[in-house]
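**Q** Before anything else, here's the structure in question.
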Amino acid sequence: MKTDLESERREQRRWRLRSAFQGLKGFDRLVEGEFLSPAAQQAAEARRLQRMVAFALQTVPYYRALCAEHGLTAGNLRAAEDLAKLPLLSKVILTQQGGRLLAERLPEGERVFGNTSSSGTTGRPAVVRHSQRSNMMFTLLGQRGVRWSRWDPAARVAEIRLPSQLPLNSDGRQFDLGETCRLPTWRYLGHFFETGDYRGFSVFNPVEEQVAWLRQERPNYLSAYSETLEQLALAARGQELPGTLRGCNALSEQLTEAMRRRITEVFAVPVHQNYGLNEVGIVAARCEAGRYHVHSEHCIVEIVDYEGRRCPPGQSGRIVVTGLSNLAMPLIRYDTDDVAEAVQGPCPCGRTLPAFGRIVGRYSRIAYLPEGTLGYVGALRDALENMPLALARDLRQFQVHQFRDGRFELRLRAVAPLPPQFGERLAAAWQAATGGRDLPLSIVEVDSIARPPSGKYQDFTSDFVPGLDDPQDDAGPPPGGAG
């Protein structure tokens with residue numbers, strides 16, 4: 001579990017830069033920054049923040065006005081703890097003030113690259129303009145993540161994603177159902193490094209076809225949405241799987257510990273995960289010890305309470321991000337609306353980058369729920385996880401829905417009728433979790449479970465939650481890619 005600077009240097013040497021990029025030092029500099037002393041980490045973070053704040057006050061109308069309103073100058077915002085002097089930047093403010101958050105000019109040698117936006121299932125999505133450097137950080141930090149995961153650059157990588165997030169076909173269209181995207185190198189990283197090949201498949205293909213596709217293509221590593229990996233695990237239980245698979249990478253949606261255990265048990269490989277959002281990029285990578293280490297070269301993360309103050313270790317709060325790379329549209333104290341646990345002290349993995357703990361979910365989704373809701377839903381998830389294979393062999397997908405009147409419905413999609421004992425076990429687990437409260441649960445088998453407009457499936461929905469964006473927006477390069 002523990003690593004050190006020399007181990008990471010050796011691992012980085014496995015990645016062979018293409019001849020056109022032999023002089024590129026950015027990847028190596030990331031390695032060197034992972035084991036600085038706490039004092040050196042804080043000093044480097046402060047220098048980056050000071051540069052960003054000075055630039056924002058000089059060139060961004062929104063921050064000039066905001067700091068004038070609060071009586072602040074660049075000299076008042078010199079370290080991460082000074083950020084609490086500023087109010088949070090909400091997604092509402094971002095969408096309303098977007099034009100005033102754009103830099104009036106960029107430094108010499110920097111230029112605008114393109115835009116990204118949050119998934120925006122309702123209302124206006126938040127659109128952010130990225131600089132060339134900000135875009136480059138998608139690739140730099142993405143490589144750090146797969147290096148930490150010990151992925152072999154010479155191996156085959158596969159992705160199962162929305163068609164809009166896969167490469168386009170040779171004629172410029174999205175891949176249809178049943179079609180496989182084949183590239184001679186990995187996406188993005190293959191531009192810089194000598195890598196193995198790439199396979200892509202639409203998430204809209206039936207899960208049974210996805211399992212068959214994995215057997216056919218025999219990838220070494222698989223990236224897919226968290227819920228897609230879980231559905232693949234449900235569908236593949238008891239089946240022969242390609243022995244080539246060495247690791248999985250969970251994208252976008254929250255990955256609960258129950259999901260992680262199920263995926264790991266079925267595929268017998270580790271499951272890795274970054275944390276990011278389109279508005280900022282890749283924010284953190286999860287280490288072997290379970291902490292999310294912040295890419296402090298790219299951003300600063302605060303875990304704050306409902307009044308914007310830093311949470312003590314062990315307490316959960318909102319993830320607030322200050323970008324340090326994107327001069328085209330600086331975001332200072334951006335409220336991601338995600339909730340995570342604050343941590344403190346050295347990480348067992350040996351890395352000294354700042355970190356936060358377990359991601360709880362999206363505040364806007366859990367804040368409106370009646371007391372006890374997450375515990376009841378968790379009991380159903382646990383019961384499904386512990387269901388004997390003989391009873392759950394035909395289960396492919398599930399979703400829990402909470403109605404406004406207090407009723408719950410567990411929707412099950414299966415390839416054959418589930419045995420009565422399946423429902424009996426779920427009913428017993430529900431009874432134990434609710435303690436006799438008047439919270440009816442109906443268990444229904446359905447032909448399909450609809451996806452929201454964003455295409456990202458959720459295994460729990462509630463009428464108490466207003467229409468909101470998806471948690472942990474998939475952080476990928478803006479249109480055109482990195483490189």
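**Q** Net charge around residue 349, counting only other residues with Cβ within less than 12 Å of its Cβ (Lys, Arg = +1; Asp, Glu = -1)?
**A** 0
**Q** Let me ask something additional. Using the alpha-carbon centroid of each, what span in Å lies between the range 27-63 and the range 78-152?
**A** Cα centroid to Cα centroid, the span is 15 Å.
**Q** Right, something else. Among 428, 461, 331, whose Cα lies farthest out toward the positive end of the dipole of the chain, if unit charges sit on the beta carbon of Lys, Arg (+1) and Asp, Glu (-1)?
**A** The residue sitting farthest along the positive end of the dipole is 331.
**Q** In nm, to one decimal, how far is the residue 168 label point from the residue 127 one, both placed 7 Å along Cα→Cβ?
**A** In this crude label model, residue 168 to residue 127 measures out at 1.9 nm.
**Q** For Cα pairs less than 8 Å apart in space and 6+ apart in sequence, what is the mean separation divided by the residue count of the chain, i.e. the relative contact order in percent?
**A** Once normalised by length, the contact order is 18 percent.
**Q** Return the long-range amide H neighbours of residue 351 (sequence gap of 5 or more, or a different chain), with a cut-off of under 5 Å between placed amide H atoms.
**A** Under 5 Å from the amide H of residue 351: 3.
**Q** Same structure, new question: Mean separation of Cα pairs under 8 Å and 6+ residues apart, divided by the residue count of the range 82-225: what relative contact order is that in percent?
**A** Details: 176 pairs, mean separation 29.9, N = 144.
Dividing the mean separation by the residue count of the range 82-225 yields 21 percent.
**Q** What whole-number distance in Å separates the alpha-carbon centres of the range 274-304 and the range 184-245?
**A** 25 Å
**Q** Something else about it: Can you give me the span-like helices of the chain, meaning DSSP H runs with 20 Å or more of Cα extent along the axis and Kyte-Doolittle mean at or above 0.5?
**A** Working: long enough: 38-59 (32 Å, -0.19); 132-148 (25 Å, -0.52); 420-434 (21 Å, -0.20).
Both cut-offs are met by no helix.
**Q** If you take every DSSP beta bridge fully contained in the range 115-252, what fraction is antiparallel? Give it as a percent rounded to 5. Before the final figure, lay out the partial values.
**A** Details: 6 of 20 bridges.
Of all bridge pairs located within the range 115-252, approximately 30 percent are antiparallel.
**Q** With every protein chain present, what is the per residue accessible area of the range 301-433 (1.4 Å probe, Å²)? Don't skip to the answer; put the middle values down first.
**A** Numbers: 5410 Å² over 133 residues.
That works out to 41 Å² for each residue.
**Q** Only bridges with both residues in the chain count here: give the DSSP antiparallel percent, nearest 5.
**A** Details: 41 of 67 bridges.
Given both bridge residues lie in the chain, the antiparallel proportion sits at roughly 60 percent.
**Q** Right, something else. For the range 28-101, compute the orientation-averaged projected area of the C-alpha convex hull (one quarter of its surface), in nm².
**A** Spelled out: convex hull of the Cα atoms, projected over all directions, averaged, 6.2 nm².
**Q** Any idea what the dipole of the range 65-115 comes to, in debye rounded to 20, about its Cα centre with Lys/Arg Cβ at +1 and Asp/Glu Cβ at -1?
**A** Details: 6 positive and 6 negative charges, 29 e Å.
I would put it at about 140 debye.
**Q** Report, to one decimal in Å, the Kirkwood hydrodynamic radius for the chain based on all distinct Cα pairs.
**A** Numbers: mean 1/r = 0.0422 Å⁻¹.
For the chain, inverting the mean 1/r across all distinct Cα pairs yields 23.7 Å.
**Q** Based on Cβ point charges of +1 for Lys and Arg and -1 for Asp and Glu, what charge dipole magnitude is obtained for the chain about its Cα centre, in debye rounded to the nearest 20?
**A** Dipole size: approximately 1160 debye.
The values are calculated or read from the model by the stated rules, or taken from the named source; none is laboratory data. Fair warning: this is a prediction, and the values are worked out from it, not measured in the lab. Quick reminder, even Gly has a Cβ in these numbers, built from the backbone with ideal geometry, and neighbours come from all protein chains shown. Just so you know, the surface numbers come from the protein's heavy atoms only, side chains and all, with ligands and any DNA or RNA stripped out. Shrake-Rupley method; radii C 1.70, N 1.55, O 1.52, S 1.80 Å.
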